[in-house]
Amino acid sequence: MTQPTLWLRCEKKEFERRAALSPSVAKKLIDAGFKIYVERDEQRIFDDSEYQNVGCELVENNSWPSAPTDIPIIGLKELPESTDPLPHTHIQFAHCFKHQAGWSKVLSRFHRGGGSLYDLEFLNDSNGRRVAAFGYHAGFAGAAAGALALASQKKGETLGLLTPYANEDAMIQDVKKVLGGSGKGTKALVIGALGRCGRGAVDLFKKIGLDDDDIIKWDMAETAKGGPFPEILDVDIFVNCIYLSSQIPSFLTPDTIIAAGKTRRLAVVVDVSCDTTNPFNPIPIYSINTTFSSPTVPVNIGPEYPPLSVISIDHLPTLLPREASEQFSSDLLPSLLEFPNREKASTWVQANELYKKNLADAAATEGL
Ligand SMILES: NC(=O)c1ccc[n+]([C@@H]2O[C@H](COP(=O)([O-])OP(=O)(O)OC[C@H]3O[C@@H](n4cnc5c(N)ncnc54)[C@H](O)[C@@H]3O)[C@@H](O)[C@H]2O)c1
């Protein structure tokens with residue numbers, strides 16, 4: 001293979017409408033000399049024709065296993081479970097470098113097939129910062145889900161199925177409509193407000209009409225005094241967007257919620273960070289991840305107190321597949337342009353070293 005080439009595979013995970021390459025980014029790669037194959041995929045937010053129109057070659061859905069093995073395969077989410085050996089180079093989120101459930105089985109497929117894996121979660125620039133991440137739209141969508149849950153709660157109802165929106169504007173209009181035309185008068189607190197998710201949450205609140213004064217933005221400086229924080233109880237929606245890297249005092253506990261009594265304002269907690277099973281979860285008031293079909297879980301504090309719902313969905317950007325894909329693949333583009341010369345590009349060299357280390361661990365674990 002002399003011409004730089006990428007093969008965009010379909011996604012098989014339920015509800016996943018995002019793509020690792022948007023049509024506009026595929027066009028930029030083609031303009032730079034790449035050949036791009038795109039699997040037909042009805043699940044993807046972008047139509048097949050959008051790729052064809054910019055010069056991509058469409059191929060059958062899920063046909064990557066029979067693609068020439070020297071063509072790198074790019075996708076987003078995990079491959080469907082299987083024991084088939086993997087002979088290709090894959091660029092994707094594999095969720096196996098932190099030794100998540102099944103990690104060594106996934107890596108043993110690469111070991112047996114002779115392929116390799118570049119995990120999108122671990123592509124960093126020379127300053128150690130992620131080159132591409134979905135955080136902004138996670139915060140944006142999480143804040144929207146929080147506002148929808150608040151509106152449902154005010155009507156004495158429970159928020160039902162959430163489905164991906166065609167675009168950001170459709171989401172904003174829907175949330176405003178459900179709130180009776182505007183979010184004005186709602187008060188929100190975002191912790192981790194300077195990060196990717198936090199900035200997204202703040203922007204959603206602005207776009208649905210909250211007054212600036214009603215969007216309280218906290219980051220490291222404001223939490224330095226240590227929780228729990230009674231201030232959280234005085235807003236309608238609390239959105240947690242921190243990157244948890246060590247043990248910290250809880251932000252909110254069942255005791256502080258009960259102590260706030262029957263006049264508490266806090267109605268919805270959106271835990272975008274979703275450190276649900278982490279022993280240092282700073283919001284130890286719930287214990288499950290919620291889903292698009294059942295977005296909220298109640299905090300069990302007794303019927304004598306006002307209701308409190310938690311949203312802890314761990315794949316929020318899926319609610320905004322178009323913008324999330326567009327932003328992610330644009331951020332990835334400079335690295336993809338370097339991919340043909342990856343042995344000289346530090347982003348790819350480091351990702352490959354990490355893969356090799358994890359592959360060796362997996363081989364030892366699986367006795368290969
Ligand atoms: N639920 C989802 O769908 C979803 C999607 C993407 C990311 N995430 C998660 O969201 C979290 C944040 O991701 P990000 O990309 O925004 O990270 P980021 O590094 O861009 O931002 C994190 C922010 O949290 C702040 N922070 C860290 N500890 C804090 C503390 N104790 N008090 C106050 N602020 C604190 C940091 O200063 C930073 O501004 C991560 O855990 C990530 O895995 C969730």
Among the listed pairs 155/207; 177/217; 154/217; 77/206, which have their C-alpha atoms separated by more than 29 angstrom in this model? 77/206
Cysteines without a disulfide-compatible partner in the chain, using Cβ under 4.7 Å as the rule? 10, 56, 96, 274
Accessible-area ranking of 225, 77, largest first, probe 1.4 Å: 225, 77
Solvent-accessible heavy-atom area per residue, rounded to whole Å², over the chain at 1.4 Å: 44
Give me the number: length gained by fully extending residue 338 to residue 112, i.e. 0.36 nm times residue separation minus the C-alpha to C-alpha distance, one decimal in nm. 78.6 nm
What's the magnitude of the charge dipole for the chain around its Cα centre, counting Lys and Arg as +1 and Asp and Glu as -1 at the beta-carbon? Answer in Debye, nearest 20. 280
Coil-residue GluC sites (Glu not before Pro) of the stretch 30-132, DSSP, other Cβ within 10 Å capped at 12: 42, 60, 81
Among 152, 103, 349, pick out the residue whose Cα is farthest towards the positive end of the charge dipole of the chain, where Lys and Arg carry +1 and Asp and Glu carry -1 on C-beta, about the Cα centre. 152
With the dipole of the stretch 135-319 worked out from charges on the C-beta (+1 for Lys and Arg, -1 for Asp and Glu) around the Cα centre, which of 277, 167, 257 lies farthest toward the positive end? 167
How far is the Cα center of the stretch 238-316 from the Cα center of the stretch 326-368, in Å? 35
As an exercise, use a Förster radius of 41 Å and the Cβ-Cβ distance of residue 35 and residue 206 to find the FRET efficiency, rounded to the nearest 0.05. 0.45
Orientation-averaged projected area, Cα convex hull of the chain (nm²): 19.2
Please give the helix 196-207 orientation as an angle from the longest Cα principal axis of the chain, in degrees from 0 to 90, rounded to the nearest 10. 60
Dividing the mean separation of Cα pairs under 8 Å (6+ apart) by the residue count of the stretch 135-319 yields a relative contact order in percent of 26
With each run of n ≥ 4 DSSP H residues scored as -39500 (n - 2.57), what mean residue ellipticity at 222 nm is computed for the chain after dividing by its residue count and rounding to the nearest 500 deg cm²/dmol? -10000 deg cm²/dmol
Considering only protein heavy atoms and a 1.4 Å probe, what is the carbon-and-sulfur percentage of the accessible area of the chain? 50
Can you give me the C-alpha center-to-center distance between the stretch 45-118 and the stretch 161-183, rounded to a whole angstrom? 33
Report, in debye and to the nearest 20, how large the dipole of the stretch 135-319 comes out about its Cα centre when Lys and Arg carry +1 and Asp and Glu carry -1 on their Cβ. 260
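The values are calculated or read from the model by the stated rules, or taken from the named source; none is laboratory data. Here the structure is a predicted model, which is why all the values come from computation and not from measurement. All Cβ positions, even for glycine, are placed from backbone atoms using ideal geometry, and neighbour counts span all protein chains on display. Accessible surface areas use protein heavy atoms only, side chains included; no ligands, DNA or RNA. Shrake-Rupley method; radii C 1.70, N 1.55, O 1.52, S 1.80 Å.
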